[in-house]
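Each remark here refers to the structure printed beneath this line.
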Amino acid sequence: MLHRICGFFLSRHSPCLHPTDESAAAGAGTEVFVRQSRAMASIRKPVIVRNFSQDWFAGYAGAGFGQDAAELEILDLTGKVLRIGWEQVKWVCYVRDIPDGEQANPERLLRKRFAIRPRTAGLWLRMTLTDGEELEGLAANDRSLVEGAGLMMTPPDTRSNTQRMYVPRQAIQTLEVVSLIGAAGRKQPFASSPRARQPELFPVGEPDTST
């Protein structure tokens, strides 16, 4: 049954999935010069944005940068606001740091599939992107699965530079829910509590008082 909801994730269309005419005419993105304040820097996290031409650029993005937006908006390293249409974005990686001089794999995504069953609660997702690349991740089991411009998930190797990934829905060709993790684990403490146990009619070791 979990597999049936995958089509709903991908087929859900809303205005946030379509770039505006302004962003489409801009091509690679629209640049707006702003002054970066300390408050702005504190609420933004470092990200690596990769497109389907395998080019990438680094910047800073807020926690809800694309949930209800028609395009991706980030602050680049020079203090300019960049707005990029979602059709150009392959993924956005929240990273621990922005590496200097590493051009090939700044996200350090060395492992893109789980070697063993995840232990953290959530939905274990497996997806194929429009360029044929396969990814797995762990997503929250909430409304974010069907709302917004993409899916936020935790990659298999959290020890890498990438802590979380945001994949636009337009970049996903197929999506499969492998498993729901943590559902049984949350029920186990309740089932094992003394109050939830079925009372015994003839307790073992109870003395016979009928005589």
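The values are calculated or read from the model by the stated rules, or taken from the named source; none is laboratory data. Here the structure is a predicted model, which means the values were calculated and not measured. Cβ: placed from backbone, ideal geometry, glycine included. Neighbour counts: every protein chain shown.
Here are some notes:
- The combined condition, being over 13 Å from the mean Cα position of the chain (by Cα), polar (S, T, N, Q) and within 18 Å of residue 174 (Cβ to Cβ), is not fulfilled by residue 78.
- Condition check for residue 147: out of contact with any Gly (no Cβ under 7 Å at 6 or more places or on another chain) and at pLDDT 90 or above: no
- Test: residue in the stretch 160-175 that is surrounded by fewer than 19 Cβ atoms within 10 Å (Cβ to Cβ) and without any contact (Cβ under 8 Å) to a residue 12 or more places away in the chain: no
- Residue that is farthest from residue 63 (Cα to Cα) [pool: residues in the stretch 81-130 that are aromatic (Phe, Trp, Tyr) and in a strand (DSSP E or B)]: 124
- Some residue of the stretch 35-49 being more than 21 Å from residue 169 (Cβ to Cβ), modelled with pLDDT of 85 or more and of a type in the set (Val, Ile, Thr): no
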